[in-house]
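Presented below is the structure to which this report refers.
The values are calculated or read from the model by the stated rules, or taken from the named source; none is laboratory data. Please read these numbers as outputs of a predicted model, since none were measured by experiment. Every residue, glycine as well, gets a Cβ built from its backbone with ideal geometry; the counts of neighbours run over all protein chains shown.
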Amino acid sequence: MSIIEQAAERIAQLRKAGVDIGSSETATLPEEPARVSAERSVAPEIPAAEHASVTPPAPSSDASAEVDVSSRYVELDLKRLDEMRIVTPRSPRSQIAEEFRMIKRPILANARGKGASPVENGNLIMVTSSVPGEGKSFNSINLAMSIAMELDNTVLLVDADVARPSVLNLLGLPPAKGLMDVLLDNTVGLPDVLLRTNIEKLTLLPAGMPHKNATELLASSAMKKLLVEIAHRYPDRIIVFDSPPLMVTTEAPVLAQSMGQLVLVVEAGRTTQTMVKQALAKVASCPVKLLVLNKARYARTDGYYGYYGYGYGYGGAVRGGEADGKAA
């Protein structure tokens, strides 16, 4: 039996079974599924407005975005920092938290242009001391942490003590590439070394690799270019530099030339008035200079004396229970 005869017999069987297969002109329906399949493989035409609705959005230009997402993320142990008396967003209301709230107020006013007079580079803040061991790094971290709790500001904490970096160690983090690597290697960009943290508004810039020509690098045009970038990339950003001591290194006075504000940490009972005057003379060009008295004894309400001494031998910035942050 031929193929045509077989098809005709099949049609007859279907009709006998009561299946309506249409007229003989539609008896070639087995080809139809192929045609329908082909039609379905063609994407339907979408009006122009619908095309726009599925286009991926452009990258956000929100100034509050602290760093590029390509920067590395690190987790700070907030419980450990609490135990060290370092201010964190999870810390309960405390004496030291209140002290740094008072310390940061004039600093933020100057940074926002709301101080007694305009301050150039007011958002570049250098924290230093006369000699090592006075608590500058402890104060740098607490100041940055306190500012990070502001609703209107983000903070970049820079470890600029390139000879003896301590910020990452205090925060419980391992050494990492940072400032020196950016200045030495043209292939290393700022986002490559920034560290985003689990404190939303706090970002870290480590000191990076120590270098024998650190002073020259900090005075170089590359450093000035970097300062412009980090100071002006985001209008809400405050940059806190943990600087080397002024009396024992040449890097600190060089760095101070580019700063808008300087916070000099003075250890109570140790740093003499002469040392303070000599240190301030090295940074005379800095527009605003503030003093913070550290490790001070304070009078308690019960008539006894207490002492603030926090992690790594550093203490709170207090005097008589109040922060001593006065413009010099």
Condition test on ALA214, is it modelled with pLDDT under 95, buried (at least 20 other Cβ atoms within 10 Å of the Cβ), of a type outside the set (Ser, Thr, Tyr) and touching a strand residue (DSSP E or B) at 6+ places or on another chain (Cβ under 8 Å)? no
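Considering every residue within region 272-286, establish whether at least one is assigned by TED's automatic domain parsing to the domain that holds ILE103, part of a strand (DSSP E or B), in contact with a helix residue (DSSP H, G or I) (Cβ under 8 Å, 6 or more places away or on another chain) and not polar (S, T, N, Q).
No, region 272-286 contains no residue that is assigned by TED's automatic domain parsing to the domain that holds ILE103, part of a strand (DSSP E or B), in contact with a helix residue (DSSP H, G or I) (Cβ under 8 Å, 6 or more places away or on another chain) and not polar (S, T, N, Q).
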Go over the candidates GLY306, GLY316 one by one and state the one that is in a strand (DSSP E or B), more than 13 Å from SER129 (Cα to Cα), in the same structural domain as SER137 (by TED's automatic domain parsing) and at pLDDT below 95. GLY306
I'm told LEU184 meets every condition in (1) loosely packed, with under 14 Cβ neighbours inside 10 Å; (2) touching a His at 6+ places or on another chain (Cβ under 7 Å) except one. Can you identify the failing condition by its number? (1)
Return the residue satisfying two criteria in turn: it lies in region 106-120 and is in contact (Cβ under 8 Å) with a residue 24 or more places away in the chain and not in a helix (DSSP H, G or I), and of such residues it is surrounded by the fewest Cβ atoms within 10 Å (Cβ to Cβ). GLU120
